Amino acid sequence: LALVILAASVLAADFGRLEAHAREALDAGADWLHIDVMDGHFVPNISFGAPVMRGLRALADETGTPFDVHLMIEDPDRYLDAFAEAGAATITVHQEACPHLHRTVQAIHALGCRAGVALNPATPLETLEEIAPDLDLVLVMTVNPGFGGQAFIEGSVDKVRRCRHLLDRRRSRAVIEVDGGIAPDNVRRIVEAGAEVVVAGSAVFRGDVAANVTAFRQATAL
Ligand code: DX5
Ligand code: ZN
């Protein structure tokens with residue numbers, strides 16, 4: 001099995017001890033910190049923005065951990081520079097929130113970040129047909145965005161497989177990321193379908209963080 005990147009979603013962390021909790025995940029072997037930004041408009045929930053991410057900056061720098069920013073917000077163009085400045089390595093915007101997606105992707109690249117596009121469960125892969133060669137990452141949502149702890153949508157496995165084919169056919173170097181309801185008991189078949197970056201919130205931060213991360217590693221080991 002290809003090497004999988006585990007992106008720990010701090011949305012599920014204890015915000016009262018955010019840095020310490022995030023550190024536990026990194027110490028246990030999580031690779032990226034996934035930053036879920038929700039505005040209460042694009043999704044029916046409000047989380048946090050760049051100032052909270054900046055609170056994790058020292059930890060990220062110290063450990064060499066990339067910030068993986070997932071913008072679930074309307075008009076993300078307005079905030080790209082703020083997240084780049086706060087240290088984003090990758091900025092992912094939603095296809096559904098971007099009428100001028102090519103322009104937005106160019107703007108992310110101009111800020112020196114890797115560019116990702118996320119698709120809601122009901123959004124067809126075909127919407128990526130033209131932009132695919134310009135992308136560094138495609139985020140296939142495996143729940144409807146807005147909340148942690150939701151049930152994985154089973155049809156996503158086949159969507160990931162078809163996404164892999166689309167990216168190959170379009171000669172895109174983008175990696176596939178999956179997000180929502182991923183746990184050690186379903187991660188293997190998602191990775192086998194072509195996902196290379198796995199986001200996990202509850203399955204990392206609920207309970208024993210070190211044991212949780214180890215369970216992910218074992219589930220995706222050869
Ligand atoms: C959902 C967010 C996810 C969320 C995943 O809208 O994009 O990143 O934190 O949480 P779990 O892993 O608990 O489903
Ligand atoms: Zn996310």
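Return the total of residues in the stretch 177-210 being assigned to a strand (DSSP E or B) and surrounded by fewer than 21 Cβ atoms within 10 Å (Cβ to Cβ).
Residues meeting the conditions: 0.
Which count do you get for residues in the stretch 150-176 that are more than 15 Å from ligand 1 (Cβ to nearest atom), assigned to a loop (DSSP other than H, G, I, E, B) and at negative phi?
Qualifying residue count, the stretch 150-176: 5.
Please go through (1) more than 16 Å from ligand 2 (Cβ to nearest atom); (2) of a type in the set (Val, Ile, Thr); (3) surrounded by 22 or more Cβ atoms within 10 Å (Cβ to Cβ) for THR63 and return the number of the only condition it doesn't satisfy.
Every listed condition holds for THR63 apart from (3).
Rundown of residues vs (1) out of contact with any helix residue (DSSP H, G or I) (no Cβ under 9 Å at 6 or more places or on another chain); (2) within 21 Å of ASP179 (Cα to Cα); (3) touching a residue at least 40 places away in the same chain (Cβ under 8 Å), yes/no style:
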{"residue": "ALA8", "(1), (2), (3)": "no, yes, yes"}
{"residue": "ASP14", "(1), (2), (3)": "no, yes, yes"}
{"residue": "ARG17", "(1), (2), (3)": "yes, no, no"}
{"residue": "ASP27", "(1), (2), (3)": "no, no, yes"}
{"residue": "GLY40", "(1), (2), (3)": "yes, yes, no"}
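Let me spell it out: the conditions are (1) farther than 25 Å from GLY55 by Cβ; (2) within 12 Å of the chain's Cα centre (by Cα), and ALA110 meets all of them except one. Which number is the exception?
In the conditions (1) farther than 25 Å from GLY55 by Cβ; (2) within 12 Å of the chain's Cα centre (by Cα), ALA110 misses (2) alone.
Considering only residues that are among the charged types (D, E, K, R) and out of contact with any strand residue (DSSP E or B) (no Cβ under 9 Å at 6 or more places or on another chain), look in the stretch 178-208 and name the one that is nearest to ligand 2 (Cβ to nearest atom).
ARG206
Restricting attention to the stretch 50-88, and to residues there that are within 16 Å of ligand 1 (Cβ to nearest atom) and aromatic (Phe, Trp, Tyr), which single residue is nearest to the chain's Cα centre (by Cα)?
Top of the filtered list is PHE67.
Since every read-out is calculated from the coordinates, none of them should be taken as a lab result. Everything numeric here is computed off the predicted structure, so don't read it as measured data. Note that each Cβ is placed from the backbone with ideal geometry, even for glycine, and that neighbours are counted across all protein chains shown.
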